[in-house]
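The values are calculated or read from the model by the stated rules, or taken from the named source; none is laboratory data. Everything numeric here is computed off the predicted structure, so don't read it as measured data. For accessibility, only protein heavy atoms count, side chains too; no ligands or nucleic acids. Shrake-Rupley method; radii C 1.70, N 1.55, O 1.52, S 1.80 Å.
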Amino acid sequence: MMSFEERVEDVVLRLFAVEGVKFGQFTLKSGLLSPIYFDLRVVVSYPELMESVADLLWERRPEGVQFASVCGVPYTALPMATIIATKQKLPMLIRRKEEKSYGTKRLIEGHFKPGDNCFIIEDVIVSGSSVYETAVSLRSCGLEVTDAVVFVDRQQGATANLRKLGVAIRSVCDMQQMLAILLRHGKIDDKQVGAVNAFLKDSQETIIRREPNDGVAESAGRLRMSFGARAATTSQALVRRLLRLMEEKRTNLCVAADLGTSQAALQLADQVGPHICMLKTHVDIMTDFSEAFPRQLRELALKHNFLICEDRKFADIGSMSAAQFADGPFAICDWADLVTMHPLPGEGLLTALSARAEGRQRGALLVAQMSSRGCLATAQYTAAAVKMAEAHPYFACGFVAQSSVTSDPRFLVLTPGVSVSAAADAHGQQYSSPERAVGECGADVVIVGRGVTRAESPAEAAGEYARRAYAAYLQRIG
Ligand code: S5P
């Protein structure tokens, strides 16, 4: 069995042999003059090569994302999408390019349901415009588009351009890898590599020319945007739901129901339910946990419209954490909308959890910083946590943090260590006010435990925390 890299090498050489990649002087669609040109249309004449290209494209799909269909960017990628669709038994959609002149024809051919996530397939990207146009067409028909795969990324800015528009791009190979392969096999010389590199250096800042009213929101920055506007920037269904309910209910309070029995936790959930967007649990401290608890809690979540987060803080290797998530007596995956995890073990933990979610609306919050004194998370660790979430936005919903770790409006920042009466506890917990957490430190959601659970009236205390935290949010967005 050849490795993925060996197969990429083989396909690149075969493409070169049939002039699917050429060197010389070429004018690109954007008007740029390029010393290298890709013409993957030729592969239709070489069925085996076409199949190899399609296989590699499919293998680069993001893990853990469920796609209802594929759509090739017309026209070059159409046959590749067809091969993927037939081999994977995955429905295909066709985007009509000529829709505007025909008017009455459908924009998208094929059957689909609103909300279906469609995976875009493309041969080559420069600025990302063609992928963008396809995403806009699909989204205008009610489909979701979170991801696209391309065979060659020309490394001229498309990935960043498309990320801003909510489409994550993965590529089978990039220009550097391709040049390295061709050079290694003596197909091109150093001079040609130099010419391509010089060209790349001067043509990094490609932009996507956007259509007016394309319905694709671009970020103004998390801290200045309303929850509602941010909901439109993400395809993560859970984040969208949460942002919308926060705006509807006018609350950004999460209560930590850290109580020793499930009965007490349920009672609290019912009392504070009208004032919260989320209830956070630690079910492993309950002396009487039984199957009834999640069921009753979900009923209350439905009644009061809040999400449930089990604060499990997974921190083991992916396979163990996935078992803790989905198997065992707590069966967390069956009932918690969100779970917390430490990014420490690496992205395998995130992909393992996401794989066990099996198409259910689930998500993870990455603990990027902690509220406790002497916390070991360095700035570098926190930045790596953010990068990890950015690479897996279909499952990573945001962060548990003490500062504004990201300006990306798709991600939530939840801040614990909030109290209006205490400054610290006896074991290192440190508190700040809701105003400071939201206004100065950039929290979207404040997490309050004992400030509510130990209050004389938890309902009243929750109402007051919610009022103060939401007012601080309104002030922040201006
Ligand atoms: O850094 C953190 C992360 C979390 S999730 N610091 C925290 O305190 N938490 C959780 O927030 C903690 O597990 C507890 O459930 C809650 C804080 O509770 P409080 O009683 O101190 O408000």
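Points worth noting:
- Principal-axis analysis of the Cα atoms of the chain puts helix 237-249 at an angle of about 40° to the longest axis.
- Per the Debye calculation on the chain with a single equal scatterer at every Cα and no solvent contribution, log₁₀ I(q)/I(0) for q = 0.06, 0.07, 0.09 Å⁻¹ amounts to -0.32, -0.43, -0.68.
- The stretch 222-477: relative contact order as a whole-number percent, Cα under 8 Å and 6+ apart: 21 percent
- Around the amide H of Asp174, modelled in the peptide plane, lie the amide H atoms of Asp153, all under 5 Å away and 5 or more residues distant in sequence or on another chain.
- Ratio of Rg to Rh for the stretch 4-202: 0.97 [Cα atoms; Kirkwood radius as inverse mean 1/r over pairs].
- Global geometry of the stretch 222-477, whether rounded, prolate or oblate, following the gyration tensor of its Cα atoms and the 1.5 cut on a/c: rounded
- The share of accessible area on the stretch 219-355 that comes from carbon and sulfur is 52 percent, using a 1.4 angstrom probe.
- Degrees, to the nearest 10: 78-88 long Cα axis against longest axis of the chain: 60 degrees
- Carbon plus sulfur fraction of accessible area for the stretch 1-156, probe 1.4 Å, in percent: 53 percent
- Residues in the chain average 44 Å² of solvent-accessible surface per residue, probe 1.4 Å, ligands and nucleic acids excluded.
- Seen against the Cα atoms of the chain and their longest principal axis, helix 4-17 is set at about 30 degrees.
- Given their separation in residues at 0.36 nm each and the Cα-Cα distance between them, Val44 and Lys89 gain 14.1 nm when the chain is fully extended.
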